[in-house]
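Accompanying notes for the structure given below.
The values are calculated or read from the model by the stated rules, or taken from the named source; none is laboratory data. The structure presented is a predicted model; accordingly, all values stated were derived computationally and were not measured. Methodologically, a virtual Cβ is constructed for each residue, glycine included, from the backbone with ideal geometry; neighbour enumeration extends over all protein chains shown. Side chains included, ligands, DNA and RNA excluded: accessible areas come from the protein's heavy atoms. Shrake-Rupley method; radii C 1.70, N 1.55, O 1.52, S 1.80 Å.
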Amino acid sequence: MKKATQASEGLQKIADLAADIGVAMVTTLDVSSQTLTSRPMMPLEIDEKASLWFFTNNATCHGLALDRVNVSFAEPKNSSYVSFSGRAAVVSDRERIHALWTPMAKSWFPKGEDDPTLILLRVDCEAAEYWDSNSSKVVRMLSLAASTITGEPIAMGEHQHVKNPAVSA
């Protein structure tokens, strides 16, 4: 994933974690059934406004409410988690599609970057949250055991809520 420099230290930490994790779960509301639907998607870029960009098929976005979207990343092995909330928009800018195209995308879009059904989904991050443990799994397990014995809350690393000043909520 391409990653631009972010406006704040918190947003930079979130961008770094998301880029390291890779695949995201994008959650939207299906307006016909009023159910939340999540699908794995590979982000192409997190731009300088902390917006996430994804390739998708234009039929995929029909019937979805894009005014409230969640994008989550999880790497349990390293205890790293990121959750973005915001609004999404469908973008059909062919120049932007060409700029973000990679050979790997051909696996999902075999007709290539000029496929007329290929569009972009941009998720504008209004706020995000991350959890990141800098410790090894052994240290985390020892902390859990110590917490159980002492009755003190477990300290498992960093956790922060971050508002995006580039997007007005």
- Within the range 1-33, residues being without any contact (Cβ under 8 Å) to a residue 40 or more places away in the chain and not polar (S, T, N, Q) number 7
- Task: For the range 6-66, please list each of the strands (runs of 3 or more DSSP E) lying entirely inside it that holds at least 3 residues being aliphatic (A, V, I, L, M).
- Result: 24-30
- With 49, 13, 2 as the choices, which residue is of a type in the set (D, E, K, R) and open to solvent by less than 60 Å² (accessible area, probe 1.4 Å)? 13
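What residue, of 104, 42, is of a type outside the set (D, E, K, R), within 13 Å of the chain's Cα centre (by Cα) and surrounded by fewer than 16 Cβ atoms within 10 Å (Cβ to Cβ)?
Exactly one of 104, 42 is of a type outside the set (D, E, K, R), within 13 Å of the chain's Cα centre (by Cα) and surrounded by fewer than 16 Cβ atoms within 10 Å (Cβ to Cβ), namely 42.
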- Task: Sort out which residues of the range 90-124 are touching a strand residue (DSSP E or B) at 6+ places or on another chain (Cβ under 7 Å), among the small types (Gly, Ala, Ser) and part of a helix (DSSP H, G or I), and write them in order of number.
- Result: 105
- Subset of the range 62-87 [open to solvent by 20 Å² or more (accessible area, probe 1.4 Å), under 15 Å from residue 41 (Cβ atoms) and in contact with a Leu (Cβ under 9 Å, 6 or more places away or on another chain)]: 64, 66, 70
- Message: I want to confirm something. Restricting to the range 61-93 and keeping residues that are hydroxyl-bearing (Ser, Thr, Tyr) and touching a Ser or Thr at 6+ places or on another chain (Cβ under 9 Å), which single residue is nearest to residue 165 (Cα to Cα)?
- Response: 83
